[in-house]
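Trainee: First the structure, which I've put down as structure tokens, then a few questions once you've had a look.
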Amino acid sequence: MTVIVKPDREMYRWRNLTPEQRERVLAYRKDNRLPWHSPPHFEAESQTYLLTAACYEHVSIIGKNPERMEEFESSLLETLQQAQTVHAWVVLPNHYHALVRAAKVKELLKAIGLLHGRTSYQWNGEDNRRGRKVWFNCVETAMKSDRHFWATLNYVLNNAVHHGYVERWQDWPYSNAAQYLEEIGRDEVLRRWREYPVLDYGKDWDAPSL
């Protein structure tokens with residue numbers, strides 16, 4: 001059973017897009033096949049972190065429209081190039097996650113802080129909301145083990161389904177879930193899901209929708 005969290009009324013909702021809008025957004029994903037690194041065996045690798053940041057009070061500022069979502073995802077991934085490896089990411093209307101290996105995580109967090117500053121200024125100007133607080137702090141969580149790493153990767157890739165934006169991983173264009181599924185294969189993805197459940201991140205999750 002998939003856990004569905006009802007989005008608030010201001011959220012950008014994939015199900016509310018017209019067929020033409022969906023086609024355009026998915027074409028963006030296809031035409032801009034974004035870089036990522038297929039996860040190796042973790043082997044208790046150090047310097048690997050889950051980065052999480054949310055809009056202040058979880059207001060859906062990122063998700064005002066698909067164009068803003070696309071632009072922010074591209075800017076985030078450009079910033080994450082400072083990391084050695086980007087294993088997984090997802091951008092949602094009011095928060096994002098990225099699973100990365102970063103030897104100099106403090107420098108990466110500083111770069112993310114600059115990204116937050118630029119986007120705050122830009123979006124507040126676009127929305128005529130000067131002075132609005134856009135972001136809460138970006139937080140890093142170090143991976144402690146092989147199991148922690150794989151459960152976290154599953155959590156990130158399932159996040160759009162968990163929050164009710166789509167019913168299948170591959171339908172959310174602002175993550176690398178579709179690429180991961182295509183390259184790893186459905187059977188292996190399901191095996192990893194069952195072997196490394198995301199119990200620490202949520203309750204009553206059964207299997208991902210693929």
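Trainee: For Thr85, which sequence-distant residues (separation of 5 or more, or a different chain) have an amide H within less than 5 Å of its own amide H, given hydrogens modelled in the peptide plane?
Mentor: Amide H to amide H, under 5 Å and 5 or more residues apart or across chains, Thr85 pairs with Arg101.
Trainee: Separate question: Under the rule a/c < 1.5 gives rounded, and otherwise a/b versus b/c splits prolate from oblate, where does the range 14-195 land using the Cα gyration tensor?
Mentor: oblate
Trainee: What are the ³J(HN,Hα) couplings of the range 186-198, residue after residue, when phi is run through the Karplus curve with 6.51, -1.76, 1.60 and θ = phi - 60°? Round to Hz, x for glycine and proline.
Mentor: Values per residue, Gly and Pro as x: 4, 4, 5, 4, 5, 4, 5, 4, 6, 6, 10, x, 9 Hz.
Trainee: Another one. According to the square roots a ≥ b ≥ c of the eigenvalues of the Cα gyration tensor, what is the shape class of the range 97-170, taking rounded for a/c under 1.5, prolate for a/b larger than b/c otherwise, and oblate for the remainder?
Mentor: oblate
Trainee: Can you work out the Karplus-derived ³J(HN,Hα) for every residue in the range 119-129? Use 6.51 cos²θ - 1.76 cosθ + 1.60 with θ = phi - 60°, whole Hz, and x for glycine or proline.
Mentor: With coefficients 6.51, -1.76 and 1.60, one gets 5, 4, 5, 4, 5, 5, x, 4, 9, 6, 10 Hz.
Every number in this text was worked out from the coordinates using simple rules, so none of it is lab data. Remember, predicted model here, so these are calculated numbers, not experimental data.
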